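Student: Structure provided below as structure tokens; questions to follow.
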Amino acid sequence: MSKELARPALFFVHNASVRSCLRAQQSLVRSCPPPPRQLAAPFRIAGFVQKAAPWLLGRQSSASIAKYPSLVNNLSQSSKRLFSVSAYTRMAELDIGNNGFLLRPRRVITDKAVGYWLVGSAALVFGIVVLGGLTRLTESGLSITEWKPVTGSVPPLTAEDWNAEFEKYKASPEYKLLNSNMTLEEFKFIYFMEWGHRLWGRVIGLSFVLPGIYFILAKKTSPRVSRRIFGIALLIGFQGFIGWWMVKSGLSDHFLQDDTEEGKYKDNHPRVSQYRLATHLGLAFGVYLSMLWTGLEVLKENRWIKEPKQAIRSISMLSNPVLKPYKYSAAGLLGLVFLTAMSGAFVAGLDAGLIYNEFPYMGEGFIPPKSELFSSYYARKDDNSDLIWRNMLENPVTVQLTHRIMATTSFVAIVGFHLLSKRLYRKNLIPRIVYSGSHGVLGFAVLQVTLGITTLLYLVPIPLAAAHQANSLALLASVLVLCMRLRRPRGALQALLGTLSRTR
């Protein structure tokens with residue numbers, strides 16, 4: 001392809017009637033040499049002009065277009081040569097203004113390098129979630145009592161610096177109530193755990209923002225992917241703030257005060273708020289899923305473009321109306337697994353895994369006594385109007401039972417979904433890749449249930465608890481991949497695939 005054609009085609013005709021605009025652009029189109037046949041990606045402009053003109057140009061201009069349909073049709077045919085670029089990643093778009101027409105190529109498919117980068121970024125987020133779990137399990141999260149986004153990247157380097165940091169930690173409630181016998185060497189361990197977690201977060205931010213700016217400026221992303229990258233970057237920055245907001249809740253002096261009414265609940269164990277912990281973990285899951293979804297979508301669209309005929313067959317199968325309830329079930333399964341993971345965050349925040357270390361029983365039965373589940377001890381209002389919701393979110397017994405119920409419900413739903421997938425596959429209603437995806441979801445679910453029960457029975461050992469949290473994210477990712485495999489392409493891509501399948 002010539003260098004002239006490789007450049008974006010951009011021209012604007014000023015101060016002319018609709019008829020002269022179309023003729024001028026038609027002459028420019030005809031002046032371009034034709035590209036190779038295998039790169040032809042026609043842009044159908046006639047229907048768009050006739051439909052959009054009444055809204056964008058007004059009645060008089062749209063009437064002028066209606067008088068000269070041949071010009072529009074000729075432009076549509078000629079633009080097959082102009083708007084053809086390498087790898088089928090661009091299609092033309094038409095902007096209509098008061099003074100004329102702007103005709104330019106628009107990127108439809110994002111470069112696959114962006115997809116690999118997004119998947120790699122998701123892997124970094126997966127790693128920091130695991131490290132964050134280890135930081136919580138080793139009770140290291142409150143070791144750094146200040147938030148310094150820039151200067152905090154460097155740890156203490158001298159003995160004087162270490163002593164200064166240790167003195168700051170000694171002023172915290174955790175040291176005064178739990179770790180008053182801690183030595184400097186023991187403090188260094190928990191400090192490096194928290195410091196490593198924060199440093200990893202900074203690495204994720206830089207490794208996402210800087211390449212993201214490059215890909216957008218280099219026009220390797222479509223507009224929709226560019227908007228997603230910008231949104232994810234904002235979430236990463238907000239996650240840093242949420243992390244400190246969470247840590248700050250564990251440094252409050254209210255743990256040292258005894259101002260609670262007699263007979264009411266007061267947590268004297270210095271730790272972060274379970275509400276803020278769940279927010280921090282949920283946002284991390286959201287960032288991970290956003291990166292993974294966008295990256296897999298980019299790679300999938302590039303694979304579709306490479307094999308358009310195979311993609312059309314798969315899309316035709318997924319367009320069957322019979323699969324509509326099946327797709328809704330997959331989306332519901334994704335939400336259910338996410339909510340189950342969030343209930344696990346409340347279990348972790350309240351150390352609820354350290355009670356009732358047996359399964360499936362909780363004491364003498366499957367459900368603890370009602371007096372334990374809904375105790376007035378956790379209510380803070382005199383009329384006990386907050387009795388139910390505070391027990392649901394602050395009572396370790398009720399929180400553990402809720403997590404058990406949600407985990408069991410999720411597992412049963414996954415098994416039922418797999419059986420439905422097997423039935424649809426035997427009837428040749430879903431592609432094999434979707435059926436294999438349901439296999440993966442079932443496998444991660446079995447592993448998650450095994451890890452959860454084992455962690456409970458063995459009093460929450462750090463390796464098992466960390467593996468349980470990591471696999472919850474892996475299970476959620478497997479359901480997300482399954483939903484991705486059920487997704488049909490957007491309208492612009494379907495049109496491009498239809499054109500490619502006919503030209504190849």
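Student: Being open to solvent by 20 Å² or more (accessible area, probe 1.4 Å) and among the small types (Gly, Ala, Ser) is the filter here, so list the residues in the range 453-469 that pass it.
Tutor: Answer for the range 453-469, where residues must be open to solvent by 20 Å² or more (accessible area, probe 1.4 Å) and among the small types (Gly, Ala, Ser): just ALA467.
Student: Moving to a separate point now. For the range 240-293, what are the residues that are open to solvent by 50 Å² or more (accessible area, probe 1.4 Å), under 20 Å from ALA379 (Cα atoms), at pLDDT below 90 and assigned to a helix (DSSP H, G or I)?
Tutor: Matches in the range 240-293: HIS254 only.
Student: Within the range 131-166, which residues are of a type in the set (A, V, I, L, M) and under 30 Å from ALA345 (Cβ atoms)?
Tutor: Within the range 131-166, LEU131, LEU134, LEU137, LEU142, ILE144, VAL150 meet the criteria.
Student: Which residue out of LEU199, LEU178 is open to solvent by 40 Å² or more (accessible area, probe 1.4 Å), among the hydrophobic types (A, V, I, L, M, F, W, C) and farther than 20 Å from ARG271 by Cα?
Tutor: After applying the criteria, what remains is LEU199.
Student: Report yes if some residue within the range 315-333 is in contact with a Pro (Cβ under 7 Å, 6 or more places away or on another chain) and open to solvent by less than 50 Å² (accessible area, probe 1.4 Å); otherwise report no.
Tutor: yes
Student: Condition first: surrounded by 16 or more Cβ atoms within 10 Å (Cβ to Cβ) and within 29 Å of ASN268 (Cβ to Cβ). Now tell me which residues in the range 334-354 satisfy that.
Tutor: ALA341, MET342, SER343, GLY344, ALA345, PHE346, VAL347, ALA348, GLY349, LEU350, ALA352, GLY353
Student: Follow-up. In this structure, does ILE430 turn out to be modelled with pLDDT under 95 and more than 25 Å from the chain's Cα centre (by Cα)?
Tutor: When the stated conditions are applied, ILE430 passes them.
Student: Would you say ARG485 is under 20 Å from the mean Cα position of the chain (by Cα) and open to solvent by 40 Å² or more (accessible area, probe 1.4 Å)?
Tutor: Answer is yes for this residue.
Student: Hey, another quick one. Hey, can you tell me all the residues within the range 432-444 that are in contact with a helix residue (DSSP H, G or I) (Cβ under 6 Å, 6 or more places away or on another chain) and open to solvent by 20 Å² or more (accessible area, probe 1.4 Å)?
Tutor: ILE433, TYR435, GLY440, LEU442, PHE444
Student: Sticking with this structure for a sec: So which residues in the range 357-393 are under 19 Å from MET406 (Cα atoms), open to solvent by less than 60 Å² (accessible area, probe 1.4 Å), in contact (Cβ under 8 Å) with a residue 60 or more places away in the chain and in contact with a helix residue (DSSP H, G or I) (Cβ under 6 Å, 6 or more places away or on another chain), if there are any at all?
Tutor: ASN357
The values are calculated or read from the model by the stated rules, or taken from the named source; none is laboratory data. Quick caveat: nothing in here was measured; it's all calculated off a predicted structure. All Cβ positions, glycine included, derive from the backbone under ideal geometry; neighbour counts span all protein chains shown. Quick note on the areas: whole protein, heavy atoms, side chains included, nothing else; ligands and nucleic acids left out. Shrake-Rupley method; radii C 1.70, N 1.55, O 1.52, S 1.80 Å.
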